[in-house]
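Participant: Submitted below is the structure of interest, expressed as C-alpha cells.
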C-alpha cells in the first residue's frame, strides 16, 4: 500500500534539521504539508523513535530543507543513518539559520519554524510549526517528487 499512497499523493523530499544546545541533526521526510495561511504553518510527520523527534521536542524549532531534483543521494544520506550514533553533518556543506539550525547548501529552499503544537497520528507525531522564515535559494530548481520505489530502490 505504501507505494500506492506515494503515487496517489505525491510530495517533495525534505531534510528536517534541528538544533538543541550543541546537538544538531537532520532526517529525510516526505510527509510535509502547509496547514495554514494565517499564520503560515507547516506540519511534518516524524516517528517517535527518531533522534530528530527528540531534538525538536527539546528545542521547539526546526527547518525544512527542500531538496532539488538530482539531490537524491543527499536525501538518502539523511534517511538511512541515525544521528544518535553518527554526525550526519560531517562533510556535508551547510550554514546556520538565524536560530542556529542547519541549512543544507544543496537545498533549493528552506522554511524555518517555531513549534506550535504536536498531534499524534498513528505511528507518527505531527509537528506543527509557525513559519518564521522562508527563503528560496535556487529559484530555477525543481524539487524532488517522492516515489517510494525510486527513492528506496524497490516496491513495497
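Throughout, read-outs are computed from the coordinates displayed, never taken from laboratory work. Computed from a prediction, not measured in an experiment: that's the story for all the values here. A quick note on method: Cβ atoms are made from the backbone with ideal geometry, for glycine too, and the neighbour counts reach across all protein chains shown.
Participant: Among 24, 144, 136, which comes first, second and so on when ranked by fewest other beta-carbon atoms within 10 Å?
Facilitator: 136, 24, 144
Participant: Based only on Cα atoms, what mean projected area does the convex hull of the range 2-150 have, in nm²?
Facilitator: 8.7
Participant: When the convex hull of the Cα atoms of the range 87-142 is projected onto a plane and the area is averaged over all directions, what value comes out in nm²?
Facilitator: 5.5
Participant: Give me 66, 132, 18 ranked fewest to most by other Cβ atoms within 10 Å of their Cβ, as a rough exposure proxy.
Facilitator: 132, 66, 18
Participant: Rank-order 68-76, 30-38 by packing density, defined as the average count of other C-beta atoms within 10 Å over each peptide's residues, highest first.
Facilitator: Per-residue mean Cβ counts within 10 Å order the peptides as 68-76, 30-38.
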